[in-house]
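What follows is a set of notes on a single structure, which appears directly below.
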Amino acid sequence: MNKLLLATHNKGKIRRYRNLFSDIGINLISLDDLNIKEKIEEPFKTSKENSIHKAIEYSKISKIET
């Protein structure tokens, strides 16, 4: 099973996405699972740009695809 970091502390999102991704054999790991407390700033104008930025930064921290 492949691992993928879901870069959120939101328990509802974690539960929802774990259910979706488990059907296709992907094990979602959360920031809480890895005890990651760093908060990544959102310097961009759009949610998409900020999401990409945060995924890249959390991937660097965790060494897990995000």
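The values are calculated or read from the model by the stated rules, or taken from the named source; none is laboratory data. Just so we're clear, the structure is a prediction, and the values are computed from it rather than from any experiment. No Cβ is skipped: glycine too gets one built from the backbone with ideal geometry, and neighbour counts run over all protein chains shown.
Within the range 24-66, which residues are free of Cβ contacts under 8 Å to residues at least 12 places away in the same chain and surrounded by 12 or more Cβ atoms within 10 Å (Cβ to Cβ)? Within the range 24-66, Asp33, Phe44, Glu49, Asn50, Ser51, Ile52, Ile56 qualify.
Residue-wise test of (1) touching a Phe, Trp or Tyr at 6+ places or on another chain (Cβ under 6 Å); (2) in a strand (DSSP E or B).
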position	(1), (2)
Leu4	no, yes
Lys13	no, no
Pro43	no, no
Lys54	no, no
Lys60	no, no
Thr66	yes, no
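Within the range 19-35, the set of residues being at pLDDT 95 or above and either assigned to a helix (DSSP H, G or I) or more than 19 Å from Asn2 (Cβ to Cβ) (or both) comprises Asp32, Asn35. Residue by residue through the range 1-45, note down the ones that are under 12 Å from the mean Cα position of the chain (by Cα), farther than 14 Å from Ser59 by Cα and among the polar types (S, T, N, Q). The answer is Asn10, Asn27. Pairs are defined by a Cβ separation below 8 Å, a sequence spacing of at least 6 or placement on different chains, a first member in the range 7-23 that is in contact (Cβ under 8 Å) with a residue 24 or more places away in the chain, and a second member that is of a type in the set (Ser, Thr, Tyr) and not in a loop (DSSP other than H, G, I, E, B); the pairs so defined are Ala7/Tyr58.
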